[in-house]
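Colleague: Attaching a single structure in structure tokens format; questions to follow.
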Amino acid sequence: MYKWHDMNFISNNNNSIHRKRNKTLGVPELIAIALGGMVGGGIFTILGISVSMIGVFTPLAILIGGLIAAMAAYSYIKLGVYYKDEGATYSFYKKTFPQSHFAASIIGWFVIFGYISTLALYAYTFASYAISGFDFADNELVRKLIAGAVIAIFTIINLWSVKGMGKTEDVMVYTKLVILVIISFVLINNSNTNIPTLIYNDGDTTFLDILIVASITFVAYEGFQLVINAVNEMDEPEKNIPKAIYSAIFLAVLIYFIISLGAILAIPFEDIINNKEYALASGADKILGHWGTDLVIAGALLATSSAISGTVFGASRQMAVIAKDGYFPSFLAKIKNHIPVYSIVTMSSLAFGLVLVGSLEVILEFGSITFLLVSLLMSYANFKIRDLTNSSTVITIISLLGLSIGAVLIIYYEISTQMKQVLFIGALYALLTFGSWLYSKDK
């Protein structure tokens, strides 16, 4: 996927890491970068939870989630075109608020731990599908140990060779997209009901419920900003960044929508809900036969593997940049043979720790809240310099409101139904805020 994976990394006097230009990336390659980040197991992760909450309206929630993602993308694109900095989220905020070390620190901590949560989420989903055909499919300990094992495997691959990891990533990304398309059409062609019937049998789902699910599953669209990390390897970023990001979001929505539609038409809700950690595989054997189940599992394993690999690669390098600026422990900035060894190991260890202490719902909701908050901060930064970025005041305000509503809805849902999760997630944010303050006050 990432054509720039095999490029060398060097430090400069601005305490950042830049890539030596090697090959120019066109729009198709940039779309692949964003799609690889978004379609990284998202539908395999969110389907069961969505259906358990809103049933037949899951595809609608996916469409609304895509709209929220487009709102978030607007400010990322405007800031990316204006700054043309591959540091993306962290660099944008640091440059927009140059006098506030705490602002730079807290956005860095939130972004990195958001990536850690997605790494944990993808590993958890990988493990769920990997053991879905065995008698111990619902054994939580086994699932978490396998999640740790797959994180360890891709940690070793990233430590071993940037070039080797890039080749592995290419194969996984393009293969998973083909499998996802096949799964989509096979499910729809094997439908055993219709939407009117499902709506008629639906209970008391409200539009508020649909909005809550759209917000909770927002993490499935995380990844489009990876395009901006490649700004030094593209021509005409003013045109190519918006083309690539909006196209990728549209394609991700389309893929998620078709798969979710096929799933609710072909697989009984009971099977999806009872086995929500591996929802697509749960009913595939009855509907599609053994080969269909194998195809679904293969698609899930490829999608999550690709996302794990890409997340470890990209986020560890951003962690090293932030550490070099002094907002993380200094040892995380050390680079050996162009590889941020300590950042990779630290990220992977923290992700496994989150897998051990959290459930699928906790990890999903923490990731969604984090990226909604980060996107909200990006929108605020864009609003502050909207004249410089040539942004529409109306669209920027709408984005701010939309992202704020999404964050509030998740918090409202958590307080109403899962108070223990609220305390757990709140404690995580308290630790992140304290850590970011601690490292910013010395500067």
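The values are calculated or read from the model by the stated rules, or taken from the named source; none is laboratory data. Note that this is a predicted model, so its numbers are computed, not measured. Backbone-built Cβ (ideal geometry, glycine too); neighbour counts: all protein chains shown.
Colleague: Which of the residues spanning segment 387-400 are part of a helix (DSSP H, G or I) and either farther than 23 Å from L67 by Cβ or in contact (Cβ under 8 Å) with a residue 40 or more places away in the chain (or both)? Step through it out loud before you land on a result.
Modeller: Here is the first cut: in segment 387-400, the residues part of a helix (DSSP H, G or I) are 387-389, 393-400.
Residues satisfying the conditions are D387, L388, T389, I395, T396, I398, S399.
Colleague: Please go through segment 396-410 and pick out each residue that is surrounded by 16 or more Cβ atoms within 10 Å (Cβ to Cβ) and hydrophobic (A, V, I, L, M, F, W, C). Lay out the reasoning, then the answer.
Modeller: Just the residues of segment 396-410 that are surrounded by 16 or more Cβ atoms within 10 Å (Cβ to Cβ), to begin with: 396, 399-400, 402-403, 406-407, 409-410.
Result: L400, L403, A407, L409, I410.
Colleague: So which of I77, I116, I64, I46 ends up being buried (at least 23 other Cβ atoms within 10 Å of the Cβ), under 18 Å from L376 (Cα atoms) and of a type in the set (A, V, I, L, M)? Can you show your working first?
Modeller: Values: I116 fails: under 18 Å from L376 (Cα atoms); I64 fails: buried (at least 23 other Cβ atoms within 10 Å of the Cβ); I46 fails: under 18 Å from L376 (Cα atoms).
The unique qualifying residue is I77.
Colleague: Also, quick follow-up: Please state which of the following conditions K167 fails to meet, knowing it meets all the rest: (1) closer than 22 Å to S349 by Cβ; (2) surrounded by fewer than 20 Cβ atoms within 10 Å (Cβ to Cβ); (3) at pLDDT below 90.
Modeller: (1)
Colleague: Out of curiosity, is N14 more than 16 Å from the chain's Cα centre (by Cα), surrounded by fewer than 20 Cβ atoms within 10 Å (Cβ to Cβ) and either modelled with pLDDT of 80 or more or closer than 26 Å to F328 by Cβ (or both)? Walk me through it before giving the result.
Modeller: Working: more than 16 Å from the chain's Cα centre (by Cα): yes; surrounded by fewer than 20 Cβ atoms within 10 Å (Cβ to Cβ): yes; either modelled with pLDDT of 80 or more or closer than 26 Å to F328 by Cβ (or both): yes.
Considered against the rule, which asks whether it is more than 16 Å from the chain's Cα centre (by Cα), surrounded by fewer than 20 Cβ atoms within 10 Å (Cβ to Cβ) and either modelled with pLDDT of 80 or more or closer than 26 Å to F328 by Cβ (or both), N14 comes out as yes.
Colleague: Got at least one residue in segment 317-326 being free of Cβ contacts under 8 Å to residues at least 40 places away in the same chain, more than 16 Å from I43 (Cβ to Cβ) and either part of a helix (DSSP H, G or I) or not aromatic (F, W, Y) (or both)?
Modeller: If we filter segment 317-326 for residues that are free of Cβ contacts under 8 Å to residues at least 40 places away in the same chain, which is where we start, we get 323.
Now restrict to residues that are more than 16 Å from I43 (Cβ to Cβ): 323.
Narrowing the set further to residues that are either part of a helix (DSSP H, G or I) or not aromatic (F, W, Y) (or both) leaves 323.
Scanning segment 317-326 turns up at least one residue that is free of Cβ contacts under 8 Å to residues at least 40 places away in the same chain, more than 16 Å from I43 (Cβ to Cβ) and either part of a helix (DSSP H, G or I) or not aromatic (F, W, Y) (or both).
Colleague: Let me ask something additional. Find all pairs meeting these conditions: Cβ atoms under 8 angstrom apart; at least six residues apart or on different chains; first residue within segment 191-204 and of a type in the set (V, I, T); second residue surrounded by 11 or more Cβ atoms within 10 Å (Cβ to Cβ).
Modeller: That search, which allows pairs on different chains as well, returns T193/L265; I195/V56; I195/L265; I199/V56.
Colleague: For segment 205-237, what are the residues that are closer than 25 Å to G310 by Cα, in a helix (DSSP H, G or I) and among the acidic types (D, E)? If you could, list the steps in order and put the result at the bottom.
Modeller: We begin by selecting, within segment 205-237, every residue closer than 25 Å to G310 by Cα; these are 214-237.
After this cut, where a residue has to be in a helix (DSSP H, G or I) as well, the list is 214-216, 218-221, 224-233, 237.
Answer for segment 205-237, where residues must be closer than 25 Å to G310 by Cα, in a helix (DSSP H, G or I) and among the acidic types (D, E): just E233.
Colleague: Please find, within segment 296-314, the residue that is farthest from the chain's Cα centre (by Cα) out of those that are crowded, with 24+ Cβ neighbours inside 10 Å and not hydroxyl-bearing (S, T, Y).
Modeller: Restricting to residues being crowded, with 24+ Cβ neighbours inside 10 Å and not hydroxyl-bearing (S, T, Y), the top hit is V296.
Colleague: In addition: Can you pull out every residue in segment 318-340 that is surrounded by fewer than 18 Cβ atoms within 10 Å (Cβ to Cβ) and among the charged types (D, E, K, R)?
Modeller: Within segment 318-340, K334, K336 meet the criteria.
Colleague: Sticking with this structure for a sec: Here is a list of conditions, (1) over 19 Å from F110 (Cβ atoms); (2) crowded, with 23+ Cβ neighbours inside 10 Å; (3) hydroxyl-bearing (S, T, Y); (4) free of Cβ contacts under 8 Å to residues at least 60 places away in the same chain, and S343 meets all of them except one; can you say which number that is?
Modeller: Result: S343 passes all but (1).
Colleague: Take I411 and tell me if it is within 30 Å of A152 (Cα to Cα) and either assigned to a helix (DSSP H, G or I) or not aromatic (F, W, Y) (or both).
Modeller: Numbers: within 30 Å of A152 (Cα to Cα): no; either assigned to a helix (DSSP H, G or I) or not aromatic (F, W, Y) (or both): yes.
Spelling it out, it is not the case that I411 is within 30 Å of A152 (Cα to Cα) and either assigned to a helix (DSSP H, G or I) or not aromatic (F, W, Y) (or both).
Colleague: Here's another thing I want to ask about it. Given the criterion at pLDDT 95 or above, of a type in the set (F, W, Y) and surrounded by 15 or more Cβ atoms within 10 Å (Cβ to Cβ), identify the matching residue among F424, F383. Please lay out each step first, then the result.
Modeller: Values: F424 fails: at pLDDT 95 or above.
So the residue among F424, F383 that is at pLDDT 95 or above, of a type in the set (F, W, Y) and surrounded by 15 or more Cβ atoms within 10 Å (Cβ to Cβ) is F383.
Colleague: Which pairs do you get when a residue that is under 11 Å from L350 (Cα atoms) and assigned to a helix (DSSP H, G or I), found in segment 109-122, comes within reach of a residue that is modelled with pLDDT under 90 and polar (S, T, N, Q), reach meaning Cβ atoms under 6 angstrom, with the pair 6+ apart or on two chains?
Modeller: Final answer for the pair search is Y115/T311; L119/T311.
Colleague: Related question: Which residue, of E361, E365, is in contact (Cβ under 8 Å) with a residue 24 or more places away in the chain, surrounded by 21 or more Cβ atoms within 10 Å (Cβ to Cβ), among the acidic types (D, E) and closer than 17 Å to I46 by Cα?
Modeller: Numbers: E361 fails: surrounded by 21 or more Cβ atoms within 10 Å (Cβ to Cβ).
It is E365.
Colleague: Of the residues S404, S440, which single one is assigned to a helix (DSSP H, G or I) and closer than 26 Å to A73 by Cα? Step through it out loud before you land on a result.
Modeller: On the way: S440 fails: closer than 26 Å to A73 by Cα.
Step by step, each of S404, S440 is checked, and only S404 is assigned to a helix (DSSP H, G or I) and closer than 26 Å to A73 by Cα.
Colleague: Tell me yes or no: at least one residue of segment 290-307 is more than 19 Å from I131 (Cβ to Cβ) and of a type in the set (G, A, S).
Modeller: yes
Colleague: Of T370, T293, T304, which residue is modelled with pLDDT of 90 or more and of a type in the set (S, T, N, Q)? Step through it out loud before you land on a result.
Modeller: Values: T293 fails: modelled with pLDDT of 90 or more; T304 fails: modelled with pLDDT of 90 or more.
Exactly one residue qualifies, and that residue is T370.
Colleague: Another question, then. Among the residues of segment 302-338, what is the count of those that are farther than 17 Å from A104 by Cα and of a type in the set (K, R)?
Modeller: The number of residues fulfilling the criteria is 2.
Colleague: Any idea which residue in segment 178-204 is nearest to the chain's Cα centre (by Cα), counting only those that are under 19 Å from A61 (Cα atoms) and part of a helix (DSSP H, G or I)? Give the steps one after another, and end with the answer.
Modeller: To start, the set of residues in segment 178-204 that are under 19 Å from A61 (Cα atoms) comprises 184, 188, 194-204.
Then keep just the ones that are part of a helix (DSSP H, G or I); that gives 184, 188, 195-200.
Details: S184: 21, I188: 26, I195: 29, P196: 32, T197: 33, L198: 30, I199: 30, Y200: 34 Å.
Within segment 178-204, the match that is nearest to the chain's Cα centre (by Cα) is S184.
Colleague: State whether one or more residues within segment 281-294 are part of a helix (DSSP H, G or I), aliphatic (A, V, I, L, M) and crowded, with 24+ Cβ neighbours inside 10 Å. Write out each step before concluding.
Modeller: From segment 281-294, those part of a helix (DSSP H, G or I) are 281-294; that's our starting set.
Imposing the further condition that a residue be aliphatic (A, V, I, L, M) reduces the set to 281, 284, 287-288.
Among the residues that remain, those that are also crowded, with 24+ Cβ neighbours inside 10 Å are: 281, 284.
For segment 281-294, residues part of a helix (DSSP H, G or I), aliphatic (A, V, I, L, M) and crowded, with 24+ Cβ neighbours inside 10 Å: present.
Colleague: Of the residues E270, E277, which single one is acidic (D, E) and surrounded by 19 or more Cβ atoms within 10 Å (Cβ to Cβ)? Step through it out loud before you land on a result.
Modeller: Working: E270 fails: surrounded by 19 or more Cβ atoms within 10 Å (Cβ to Cβ).
Unique residue meeting the criteria: E277.
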